Amino acid sequence: MTIELLNNLNSAQQEAVTHIDGPLLILAGAGSGKTKTITTRLAYLIGEVGINPQNTLTLTFTNKASKEMRHRATALIKNNQQTIPLLCTFHKFGLLFLKFHIDKIGRANSFVIIDSEDRKKILKRIAKDLDIDLNISLISSEISRYKNTLLTPDEVISRTDLIDYQKIAKIYKYYQQEIEFNNLVDFDDLLMLPYQILRDNDKLRVSISNRYRYIMVDEYQDTNELQFKLLKLLASEHNNICVVGDDDQSIYGWRGSNVKNILNFSKKFRGTKVIKLEINYRSTEPILKVANELIEYNSQRVAKKLISYRGDGKSVRVFHSLNEKLEARAIAKEIKELLEKKVPSNEIAVLYRINALSRSLEEGFIKEGLGFKLLGGVPFYDRAEIKDIISYFRIIANRHDDFSLERVINRPRRGVGKVSVDRLKKLAFEEHYSLFQLLDIKGRKELSKIISKKGFINLKRLVLDIQKLIDISKKSLIDFVNEFEDTIGVKNHYRVLSDGDERVKNIDEFYGYFKEYIESNPDKSLDDFLNEISLQSEQDQVDENSVTIMSVHASKGLEFEYLYVIGLEEEFFPIIGDGYSMEEERRLAYVAITRAKSNLTLCYVDSRFYKGQRRVMKRSRFLGEAGLIKGEKLKITKQSKFIKGDLVKHKIFGIGRVQSATKSGRQYKLNINFGGKKRAILSSFVESV
C-alpha cells in the first residue's frame, strides 16, 4: 500500500509524507499540491506507520479547507479506521477544548459564541454608558489585538499614556465582565482561553500534548502570535509538529498574522527538517514567470521558484482602459463571450484590491445581463433577519441568554421600548434573575411601573411560546423548525419592508439549510448547529455556479481558468501609506496572479472615479517588477550583480556610471555618477545600458 499511496507524488512530496518524528517545515509554493501532501501524510501516519488516529491533530483556517482535507484523508485510509482523526479549524479546536475544560477557570460549558457584530453591539452600549465617543470598529479591533497578544485590560492601561487607548482599555474591562457574566465567548476567546488554561495547568498541558503526538498545521504563514504560543504548548512534550505554508502568500498582517512565524520556524523548533515544494500543478509557465519575477523583489522571504508542471501557455495580458466604466464594460463583454463558448461560469473570476472598485464591475455586469456572485457583500449570517432567527434559536438552546433575548424582545414588535428593556434588565440584575426568568416569574402588578399592559401580555405570550418551542426542540428539531415560524412570525415582521421579498427568501433559505443540516446529522443538537454556523467563514459561502467578483484576500486558496485582476494602479494596488507594507502588497499581487490557471489579464486605467471625484491614475509598479512592461521607463531590472564601471539608466536621472556596488538584502546599493552628480540608488531602480 505504501507504493500505492506515494505513487502520485513527486520526490519532494514523498519526502514530506514519509517524515515521521521531529519538527517539519513544508514550504509549499502556490499550486504545488499542498493539500494533497498534508492529507497523504496524515493517511501515511495512520495507515502505514500505525499511529492511532486519536493521537493526531490537523489544524486549518477555514471550514471549507478542513472538510476537503478530511474527505481526502479518509479516502486514502483504506483499513476502515473506527476512529476519525481530529481535523478542524483552530477555532473549532478551541471550541471543542473549552467544552471539556472551561470549568478549569470556573465557567460552565453551556457558553454561547458571539460573532463580531454581536461584540460591536455590546461595545457600543458600554461606550455609551461610559460616555466614550470612539469608533466602535476601532475599539473592537483593538480588543481583538489585546486578546491575541494576551494583554489584560489592566496591562493595557499600564502600558499606554494615550487617552483614547486608556478609554478603550476601560471599555475592554467592562466588556470582559459582561461576557463572562452572561457566559459568552467571542472568537478571540476560542484561542485565548485554551492557551491560558494549558499555560496555567501543567498536568493538563502534558496530558493534551501526549494525546496529540502528531500535529499538522495548514497555512502556517497565516498564524498569529497567540496561535504560535498555543502550538508550542500542544507540541511541548514531543515536538512532532509539521507546518505547511508559503511565506510568499502571507497576506493577513492587517489582522495579526505574523510572517515571521514561518520564517523563524527552524529557530523556534530545533532540528527542523525543511522541504520545499516548487512544482506548480495549477498554472502555465508564462503565469509563473510573472509571479516569480514579481516576488523576487521581496527581501523577507525564503528563496524558491515555482516550476510549471503544465508547461507553456498563453502570455499574460496587460489590459489598458481610459476609465473604470470602459474597463468594466470590456471585461463583461469578454466574459459573456466566454460563457457563450460554454466556459463554466465557476472558472471565471474578477479580483480587486479594494472593495470600492467592485461597484463599476457590478454595473458593467448588470448592463451585459451577466449573473455574478459578489463575495464580500453582507455575509449571509450577518443579515438582520438571519441574526434575529439565530438569536431566537440561542434563547431556545439557553433561555438565560440575556444578550439574545434583548435583541429580539421587540422583534416582531411587542410594545416594549428600550427604556422598558433597560428597566427590566436592572430589576433582573438586582434580583439575581436572568431576563427570561424575570418575565416568567413576575406578575402584572410587580411589573406595572416598568412596562405597559400590552407589553406585559405580549412578553408573557413570548415566554409561553419559547417554553413550547423548547419542549418541541427536545423531541424533534424538524418539528421544531416547522413550528417556529408559525409561532414567532419573523417573516411577517420583515415582509412589510421595502426589500421584504428578498429578506423572506433569505429566511426561507436559512430554514432550508437548518432542515438539511438536521437530516444529514440526526444526532446533532441545536447547540451543535449554532456553534457550526458561528464558525462559518466568508469563503465557505462561495457560489460555485456563478462568475465571481471578489477581493484578492477572499480569493486565497481558489483557482480559475480565466482570471482578471483590476486596479493595477499606484495607491490602489499597491496601496501606499501608513499601515501598509509594500512587501505584503507584493505578496497580495503574487497571490492574485497565482490564482490563474491558463488565462490571466491584469488591468489598469488612466482615471477612476473614487470618493466623489475623478482621479488620474499611474499604473502599478508591479507591472514593471513582473517584467510585463517592456522597453519603457517603468521597466525595472532584476537584481543582477553590478560592478564598478557599468553604465546604467535611471528613469529620472538618466545615464550614469556605477562607481561602487555593495550588497543590500536581495538588491545592490549602487553609488552612481550621473554627469557629475553622485547618487546612492538601489539596483532595482536602474537598468543596464
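The values are calculated or read from the model by the stated rules, or taken from the named source; none is laboratory data. Only a predicted model underlies this, so the values are computations on that prediction, with no experimental measurement involved. Cβ coordinates were reconstructed from backbone atoms using ideal geometry, including for glycine residues, and neighbour counts include every protein chain displayed. The protein model used for the area step is the full one, side chains on, heavy atoms only, and it has no ligands, DNA or RNA in it. Shrake-Rupley method; radii C 1.70, N 1.55, O 1.52, S 1.80 Å.
When you look at Asp222, is it open to solvent by 60 Å² or more (accessible area, probe 1.4 Å), acidic (Asp, Glu) and either out of contact with any helix residue (DSSP H, G or I) (no Cβ under 7 Å at 6 or more places or on another chain) or modelled with pLDDT of 95 or more (or both), yes or no? It is false that Asp222 is open to solvent by 60 Å² or more (accessible area, probe 1.4 Å), acidic (Asp, Glu) and either out of contact with any helix residue (DSSP H, G or I) (no Cβ under 7 Å at 6 or more places or on another chain) or modelled with pLDDT of 95 or more (or both). Annotation note: Cβ proximity below 6 Å between a residue of segment 96-113 that is open to solvent by 70 Å² or more (accessible area, probe 1.4 Å) and a residue that is of a type in the set (A, V, I, L, M) (sequence gap 6+ or interchain) occurs for Lys104/Ile197; Asn109/Ile102.
Tell me, yes or no, whether segment 185-199 has at least one residue that is open to solvent by 60 Å² or more (accessible area, probe 1.4 Å), in contact with a Pro (Cβ under 9 Å, 6 or more places away or on another chain) and not in a helix (DSSP H, G or I). It would help to see each step written out before you state the result.
Our first condition is that a residue be open to solvent by 60 Å² or more (accessible area, probe 1.4 Å); within segment 185-199, this holds for 187, 199.
If we keep only those that are in contact with a Pro (Cβ under 9 Å, 6 or more places away or on another chain) as well, we get none.
Within segment 185-199, none of the residues are open to solvent by 60 Å² or more (accessible area, probe 1.4 Å), in contact with a Pro (Cβ under 9 Å, 6 or more places away or on another chain) and not in a helix (DSSP H, G or I).
Just to verify a result, which residue in segment 525-570, among those that are modelled with pLDDT of 90 or more and of a type in the set (Asp, Glu), is most open to solvent (accessible area, probe 1.4 Å)? Only one residue tops the list, namely Glu559.
So which residues in segment 552-577 are part of a loop (DSSP other than H, G, I, E, B), over 19 Å from Gly29 (Cβ atoms) and not charged (D, E, K, R), if there are any at all? So that I can check it myself, show each step before the final result.
From segment 552-577, those part of a loop (DSSP other than H, G, I, E, B) are 556-559, 566-568, 570-577; that's our starting set.
Add one more test, that the residue is over 19 Å from Gly29 (Cβ atoms), and what stays is 566-568, 570-577.
Result: Ile566, Gly567, Leu568, Phe572, Phe573, Pro574, Ile575, Ile576, Gly577.
Every residue, every condition in (1) under 30 Å from Asn346 (Cβ atoms); (2) in a strand (DSSP E or B); (3) small (Gly, Ala, Ser); (4) in contact with a Cys (Cβ under 8 Å, 6 or more places away or on another chain), yes or no:
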residue: Tyr590; (1), (2), (3), (4): yes, no, no, no
residue: Asn599; (1), (2), (3), (4): yes, yes, no, no
residue: Leu602; (1), (2), (3), (4): yes, yes, no, no
residue: Asp606; (1), (2), (3), (4): no, yes, no, no
residue: Phe622; (1), (2), (3), (4): yes, no, no, no
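Out of the residues in segment 174-184 that are open to solvent by less than 10 Å² (accessible area, probe 1.4 Å) and assigned to a helix (DSSP H, G or I), state the one that is nearest to Leu234 (Cα to Cα). Walk me through how you get there before you give the answer.
Let us first name the residues in segment 174-184 that are open to solvent by less than 10 Å² (accessible area, probe 1.4 Å), namely 175, 179, 184.
Next, from what is left, pick out any that are assigned to a helix (DSSP H, G or I): 175, 179.
Values: Tyr175: 29, Ile179: 27 Å.
Ranking the candidates gives Ile179 first.
Given Ile163, Ile171, Ile139, which one is more than 17 Å from Leu191 (Cα to Cα) and open to solvent by 70 Å² or more (accessible area, probe 1.4 Å)? Spell out how you get there, then give the answer.
On the way: Ile171 fails: open to solvent by 70 Å² or more (accessible area, probe 1.4 Å); Ile139 fails: open to solvent by 70 Å² or more (accessible area, probe 1.4 Å).
Within the list Ile163, Ile171, Ile139, the selection yields Ile163.
Checking each residue in segment 200-219 for being in contact with a Leu (Cβ under 8 Å, 6 or more places away or on another chain) and either among the aromatic types (Phe, Trp, Tyr) or open to solvent by 10 Å² or more (accessible area, probe 1.4 Å) (or both) picks out Leu204, Arg205, Ile208, Tyr212, Tyr214.
Return a yes/no flag: does segment 629-639 have any residue that is surrounded by 21 or more Cβ atoms within 10 Å (Cβ to Cβ), more than 32 Å from the chain's Cα centre (by Cα) and modelled with pLDDT under 75. Can you show your working first?
Our first condition is that a residue be surrounded by 21 or more Cβ atoms within 10 Å (Cβ to Cβ); within segment 629-639, this holds for 636.
Adding the requirement that they be more than 32 Å from the chain's Cα centre (by Cα) leaves 636.
In the following step, the residues that additionally are modelled with pLDDT under 75 were identified as 636.
So far as segment 629-639 goes, yes, one or more of its residues are surrounded by 21 or more Cβ atoms within 10 Å (Cβ to Cβ), more than 32 Å from the chain's Cα centre (by Cα) and modelled with pLDDT under 75.
Look at segment 250-261: where a residue is among the aliphatic types (A, V, I, L, M) and a partner is at pLDDT 90 or above and open to solvent by less than 20 Å² (accessible area, probe 1.4 Å), sitting 6+ places away or on another chain with Cβ atoms under 7 Å, you get Ile251/Arg587; Ile251/Leu588; Ile251/Val591; Val259/Gln221; Val259/Asp247; Val259/Ser250.
The set of residues in segment 331-389 being of a type in the set (Gly, Ala, Ser) and closer than 17 Å to Asn506 by Cβ consists of Gly377, Ala384. For segment 122-129, the count of residues that are out of contact with any strand residue (DSSP E or B) (no Cβ under 6 Å at 6 or more places or on another chain), open to solvent by 40 Å² or more (accessible area, probe 1.4 Å) and either within 20 Å of Asn398 (Cα to Cα) or not charged (D, E, K, R) (or both) is zero. Inside segment 130-160, residues that are over 28 Å from Pro194 (Cβ atoms), in contact with a helix residue (DSSP H, G or I) (Cβ under 8 Å, 6 or more places away or on another chain) and modelled with pLDDT under 90 make up a count of 3. Taking the stated definitions as given, is Leu326 of a type outside the set (Phe, Trp, Tyr), in contact with a helix residue (DSSP H, G or I) (Cβ under 7 Å, 6 or more places away or on another chain), in contact (Cβ under 8 Å) with a residue 24 or more places away in the chain and closer than 30 Å to Ser607 by Cα? Spelling it out, it is not the case that Leu326 is of a type outside the set (Phe, Trp, Tyr), in contact with a helix residue (DSSP H, G or I) (Cβ under 7 Å, 6 or more places away or on another chain), in contact (Cβ under 8 Å) with a residue 24 or more places away in the chain and closer than 30 Å to Ser607 by Cα.
Restricting attention to segment 34-56, which residues are under 21 Å from Glu278 (Cβ atoms), open to solvent by 20 Å² or more (accessible area, probe 1.4 Å) and out of contact with any strand residue (DSSP E or B) (no Cβ under 6 Å at 6 or more places or on another chain)? Don't jump to the end; show me each part of the working.
Our first condition is that a residue be under 21 Å from Glu278 (Cβ atoms); within segment 34-56, this holds for 34-41.
Now restrict to residues that are open to solvent by 20 Å² or more (accessible area, probe 1.4 Å): 34-36.
Result: Thr35, Lys36.
Where strands (runs of 3 or more DSSP E) fall wholly inside segment 211-283, the ranges with 3 or more residues that are among the β-branched types (Val, Ile, Thr) are 241-245. Answer yes or no as to whether His19 is open to solvent by 20 Å² or more (accessible area, probe 1.4 Å) and within 29 Å of the chain's Cα centre (by Cα). So His19 fails the test. Put simply, of Tyr668, Tyr610 the only residue that is of a type in the set (Ser, Thr, Tyr), in contact with a Ser or Thr (Cβ under 6 Å, 6 or more places away or on another chain), at pLDDT below 75 and surrounded by 13 or more Cβ atoms within 10 Å (Cβ to Cβ) is Tyr668.
Mind listing whichever residues of segment 293-323 are among the polar types (S, T, N, Q) and without any contact (Cβ under 8 Å) to a residue 60 or more places away in the chain?
As a first pass, look at segment 293-323 and keep what is among the polar types (S, T, N, Q): 298-300, 308, 315, 321, 323.
The answer is Ser308, Ser315.
For segment 308-318, the criterion of a residue being over 26 Å from the mean Cα position of the chain (by Cα), assigned to a helix (DSSP H, G or I) and under 30 Å from Asp606 (Cα atoms) is satisfied by no position.
Pick out the one residue from Lys336, Lys289, Lys305 that is out of contact with any helix residue (DSSP H, G or I) (no Cβ under 6 Å at 6 or more places or on another chain), farther than 14 Å from Leu600 by Cβ and surrounded by fewer than 22 Cβ atoms within 10 Å (Cβ to Cβ). Residue meeting the stated conditions: Lys336.
Restricting attention to segment 67-90, report how many residues are crowded, with 20+ Cβ neighbours inside 10 Å and either within 27 Å of Ala554 (Cβ to Cβ) or modelled with pLDDT under 85 (or both).
Going through segment 67-90, the residues crowded, with 20+ Cβ neighbours inside 10 Å turn out to be 69, 73, 77, 85, 87-90.
Now drop any that are not either within 27 Å of Ala554 (Cβ to Cβ) or modelled with pLDDT under 85 (or both), which leaves 69, 73, 77, 87-90.
Count: 7.
Scanning segment 329-339 for residues that are closer than 16 Å to Tyr352 by Cβ, touching an Asp or Glu at 6+ places or on another chain (Cβ under 9 Å) and in contact (Cβ under 8 Å) with a residue 60 or more places away in the chain yields a single hit, Ile335.
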